[in-house]
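This report concerns only the one structure given below.
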Amino acid sequence: MSCVLKPEYALIDGVLRPDVVVSVDRSGMITDVEFGADTRTMRPIDPFATDTHRVIPKVQRLRGKVLLPGFVNTHSHAFQRLLRGRTEFRAAGHDQDDFWSWRRAMYRAANAVSPDDLETVSAFAFVEMLRAGFTHVGEFHYLHHQPGGARYDDPIELTTRVLAAAQRAGIGISLLRVAYQRAGFGKSFVREQLRFVDTDLDEYARALEATEAYARPDDRCPARVGVAAHSVRALDREWLTGLAELAGERPIHAHVSEQPLEVEECLFEHGMRPVELLSDVGLLSERFTAIHATHVDAQEVSLLGGARANACICPTTEQNLGDGLPNLAALVAAGVPLSIGTDSHAHIDPFAELRGLEHGERLRTRSRNVLARGDGHRNGVAGALIEAGTRGGARALGLLAGEIATGQRADLITLDLNDPAVAAVSEGENGLHALLAAIALGGGAHLVKDVWVGGQHVVSDGIHVRWETAVRDYAEAAAQIWG
Ligand code: ZN
């Protein structure tokens, strides 16, 4: 259905503007953005309507609401929503918990889900993402086989379940099919990893092709397919080289240097650091996204910048897992576009990820406004953060989205201007700049009132159309899985 939206303010080119009218056609694309338009005379273009049956959509006046492009969740493992709240204690006898002890709990969840469970849990995570203002997810999907490694009759059974979950929830998805070959250099598999492992690159390539044949993108709720190299831990040089060739024009993502141990092992095995290895095997390009990039050094930063590669930071997960703080100032200075992901789903809230970028940098450098362009623009920090959450994610996944502009997909959200977090912030001089900063640095998922994905209104007045079913089904699955 086509529609015309008239919010109080809309974010256009990084600036909040009043008197904006946005038209969306039936294929879910933005066909027009007008300023100061008189909506009574508007005639939205509708390619499906003939002159005799012209549909003139009613203008939806979004009073007390600000319209933003939807956020892109560039890095997700949907099934990990099951782990929320389950790993926040120290087991008796443990002096210290860290990423590796968390990973044991994750492996347990990863091996407990049936295909039905995976669809249910993923759908619930996607519904939560939509309610929080994410309109597209990059799903870094590494569950491929039965527990223990036996193949399903349909080799892409679990992939199709994740895609079905996205369709059910109404979120746009890029399915990044993960290659996982080994437990680590010189290490044998533990049983729990066998669910992730393909025998060889041929098996991987067949699964990728089958996924693409299944996904059949359409404009409204597109399922896109990309390549994911799990990490330099889980893939040897031959696999990494093969994946670089196989990826072609597709987006390709990899976990990069989340933990110092990965860097040490890479130096031991290859005599070079992870990003140097990725560059050496031909993986770096503008289609490449380094997930985390927590422990990369100056030389690696310049390799990423030189290749015009992207970096996806997952601040709430990195905080939760105690990973460390990446040097974002260096990445930005090298020209690496940033994006955000909720990764382990300890928290699903784009605003928490955005302020995590800037606040992490403030704590790391003991200074302020680190990510702001140094041009004195009052939108400096907020503009950079919101760009990471929208255009940065769209770039990392190769999407025509992330902006309110003609020809972009109508992935849109509204925020409530009467919410206490932002109420009356916009009064006085530079009020709209202050409002955008308050949204980026002090906002939260609770601000989100409406969400459109490809023009489909899936969240209205803060309620997702399938919330009741999604939470009921999830509760049943979680009760069974956790016993
Ligand atoms: Zn991850």
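The values are calculated or read from the model by the stated rules, or taken from the named source; none is laboratory data. Here the structure is a predicted model, which is why all the values come from computation and not from measurement. Neighbour counts run over all protein chains shown; Cβ positions are idealised from the backbone, glycine included.
Of the residues making up the stretch 112-148, those that are crowded, with 24+ Cβ neighbours inside 10 Å and touching a Gly at 6+ places or on another chain (Cβ under 9 Å) are PHE126, VAL127, LEU130, ALA132, GLY133, PHE134, THR135, HIS136, VAL137, GLY138, PHE140. ASP323 satisfies every condition listed in (1) within 13 Å of the ligand (Cβ to nearest atom); (2) in contact with a helix residue (DSSP H, G or I) (Cβ under 7 Å, 6 or more places away or on another chain); (3) charged (D, E, K, R); (4) under 19 Å from VAL72 (Cβ atoms) except (4).
In the stretch 328-365, of all residues being in a helix (DSSP H, G or I) and within 16 Å of the ligand (Cβ to nearest atom), the one that is nearest to the chain's Cα centre (by Cα) corresponds to GLU353.
Within the stretch 331-375, how many residues are polar (S, T, N, Q) and closer than 18 Å to ILE413 by Cβ? Looking only at that region, the number is 2.
The condition (being among the polar types (S, T, N, Q), away from the ligand (no atom under 16 Å from the Cβ), touching a Lys or Arg at 6+ places or on another chain (Cβ under 9 Å) and under 25 Å from ASP450 (Cβ atoms)) is satisfied by just one residue among THR390, THR414: THR414. A search for C-beta distances below 7 Å between a residue of the stretch 149-164 that is surrounded by 15 or more Cβ atoms within 10 Å (Cβ to Cβ) and modelled with pLDDT of 95 or more and any residue that is hydrophobic (A, V, I, L, M, F, W, C) and in a loop (DSSP other than H, G, I, E, B), counting only pairs 6+ apart in sequence or on different chains, returns GLY149/VAL197; LEU158/LEU143.
Here SER302 fulfils each of the conditions (1) touching a strand residue (DSSP E or B) at 6+ places or on another chain (Cβ under 9 Å); (2) under 24 Å from GLY398 (Cα atoms) apart from (1). Sort through GLU262, GLU258, GLU245, GLU249 and tell me the only one that's within 16 Å of the ligand (Cβ to nearest atom), under 16 Å from ALA228 (Cα atoms) and charged (D, E, K, R). Exactly one residue qualifies, and that residue is GLU258. Being at pLDDT 95 or above, within 22 Å of GLY389 (Cα to Cα) and assigned to a loop (DSSP other than H, G, I, E, B), is that true of even one residue in the stretch 301-308? Within the stretch 301-308 (the criterion being at pLDDT 95 or above, within 22 Å of GLY389 (Cα to Cα) and assigned to a loop (DSSP other than H, G, I, E, B)), the answer is yes, since at least one residue qualifies.
For the stretch 307-326, check the following and say yes or no: at least one residue is under 16 Å from ALA396 (Cα atoms) and surrounded by fewer than 24 Cβ atoms within 10 Å (Cβ to Cβ).
Residues of the stretch 307-326 under 16 Å from ALA396 (Cα atoms): 307-314.
Checking which are surrounded by fewer than 24 Cβ atoms within 10 Å (Cβ to Cβ) leaves us with 307-308.
Yes, that holds for at least one residue.
Taken over the stretch 352-379, the criterion of being in contact with a His (Cβ under 9 Å, 6 or more places away or on another chain) and crowded, with 18+ Cβ neighbours inside 10 Å is satisfied by GLU353, ASN379. Restrict the check to the stretch 334-348 and report whether at least one residue is among the β-branched types (Val, Ile, Thr) and surrounded by fewer than 22 Cβ atoms within 10 Å (Cβ to Cβ). Looking for residues that are among the β-branched types (Val, Ile, Thr) and surrounded by fewer than 22 Cβ atoms within 10 Å (Cβ to Cβ), one finds none in the stretch 334-348, hence no.
For the stretch 277-291, the tally of residues that are farther than 17 Å from PRO326 by Cβ and either within 16 Å of the ligand (Cβ to nearest atom) or assigned to a helix (DSSP H, G or I) (or both) stands at 3.
Taking the condition within 16 Å of the ligand (Cβ to nearest atom), more than 20 Å from PHE185 (Cα to Cα), touching a strand residue (DSSP E or B) at 6+ places or on another chain (Cβ under 6 Å) and not in a helix (DSSP H, G or I), does THR294 pass? No: the conditions fail for THR294. Can you tell me which residues in the stretch 91-142 are over 20 Å from the mean Cα position of the chain (by Cα) and not in a helix (DSSP H, G or I)? Once the filter is applied, which keeps residues that are over 20 Å from the mean Cα position of the chain (by Cα) and not in a helix (DSSP H, G or I), the stretch 91-142 yields ALA91, ALA92, GLY93, HIS94, ASP95, GLN96, ASP97, ASP98, VAL113, SER114.
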